[in-house]
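The values are calculated or read from the model by the stated rules, or taken from the named source; none is laboratory data. Just so we're clear, the structure is a prediction, and the values are computed from it rather than from any experiment. Glycine gets a Cβ as well: all are built from the backbone with ideal geometry, and neighbour counts include every protein chain shown.
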Amino acid sequence: MARNLPKPKVILAVTAHWEADKVMVSTAAKPPMLYDYYGFPPEAYKLVYPAPGSPEVGRRVLALLAAAGIPAADDDSRGYDHGCFVPLMLAYPEGTVPVVQMSLLKSMDPKAHLAVGAALAPLRDEGVLIVGSGMSFHNMGLFSKNGFGMNGVSAKYGPSESFDAWLQHAATGATGAKRAELLAAWARAPGGRECHPREEHLIPLMVAAGAAGEDGGRTDFSDYMMGAKISGFVFGDA
């Protein structure tokens with residue numbers, strides 16, 4: 001992703017690993033690390049992502065949400081969770097671009113998250129890269145059944161292929177209100193619930209798509225992981 005985009009001034013990371021009753025926005029100047037996982041080797045708890053926060057952009061996010069009538073609040077102590085620091089360590093390993101984290105709503109309402117994205121659209125003209133950090137497939141039961149790929153057997157999972165084809169069409173084949181209408185109906189898509197028994201890893205995409213407005217989308221990545229088809233998308237020039 002980063003190779004094909006201009007370097008942003010700030011990254012707004014919408015993370016699948018933070019949920020709240022209202023939209024929460026990090027405003028810490030120096031966010032700590034939040035190792036929100038367990039059972040991994042000791043090295044996994046020594047990872048550090050040195051990017052600073054951006055209280056100024058955090059406040060700008062809050063102001064835009066307030067102007068749109070969307071309840072939101074700041075969190076000045078939230079650390080970088082793995083939904084934020086893992087992808088950013090790969091995309092921007094130097095960790096010099098400031099990062100603001102934003103939560104999902106516990107409701108997981110796709111229309112509400114599309115509206116959040118639409119409210120934040122002005123950030124795109126201010127040098128802010130809005131990253132929806134999740135996964136287009138997230139069924140841990142299937143990954144477990146496949147031995148998390150450790151047994152060398154990862155049979156392709158048909159519902160993931162069906163849902164991925166639908167998602168690529170929805171994300172890249174329409175814009176604006178039509179794209180929003182399609183994405184909001186994701187649970188009725190072929191393989192939708194099989195791929196997302198709970199949708200927290202899909203919902204960040206709604207924020208990114210909502211912010212894109214009439215800009216088109218393109219598939220930036222598509223491959224198989226442990227038998228599941230997964231894809232990532234970029235909207236406009238991001």
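Annotations for the structure displayed:
- Within the range 190-206, tally of residues that are surrounded by fewer than 20 Cβ atoms within 10 Å (Cβ to Cβ) and more than 14 Å from the chain's Cα centre (by Cα): 6
- Filter result (touching a strand residue (DSSP E or B) at 6+ places or on another chain (Cβ under 6 Å), closer than 17 Å to residue 22 by Cβ and acidic (Asp, Glu)) within the range 67-117: 74, 75
- The criterion of at least 1 residues that are over 20 Å from residue 115 (Cβ atoms) is met by the following helices (runs of 4 or more DSSP H) wholly inside the range 157-203: 158-172, 192-195.
- Subset of the range 170-184 [free of Cβ contacts under 8 Å to residues at least 24 places away in the same chain and either surrounded by fewer than 18 Cβ atoms within 10 Å (Cβ to Cβ) or touching a Cys at 6+ places or on another chain (Cβ under 6 Å) (or both)]: 173, 174, 177, 178, 181
- Contact map, the range 210-234: residues that are outside the structural domain of residue 119 (by TED's automatic domain parsing) and assigned to a helix (DSSP H, G or I) paired with residues that are loosely packed, with under 15 Cβ neighbours inside 10 Å and not aliphatic (A, V, I, L, M), Cβ distance under 8 Å, separation 6+ or inter-chain. Pairs shown: 212/236.
- Residue within the range 74-81 that is at pLDDT 95 or above and in contact with an Asp or Glu (Cβ under 8 Å, 6 or more places away or on another chain) present: yes
- Of all the criteria given as (1) small (Gly, Ala, Ser); (2) more than 23 Å from residue 124 (Cα to Cα); (3) touching a His at 6+ places or on another chain (Cβ under 8 Å), the one not satisfied by residue 210 is (2).
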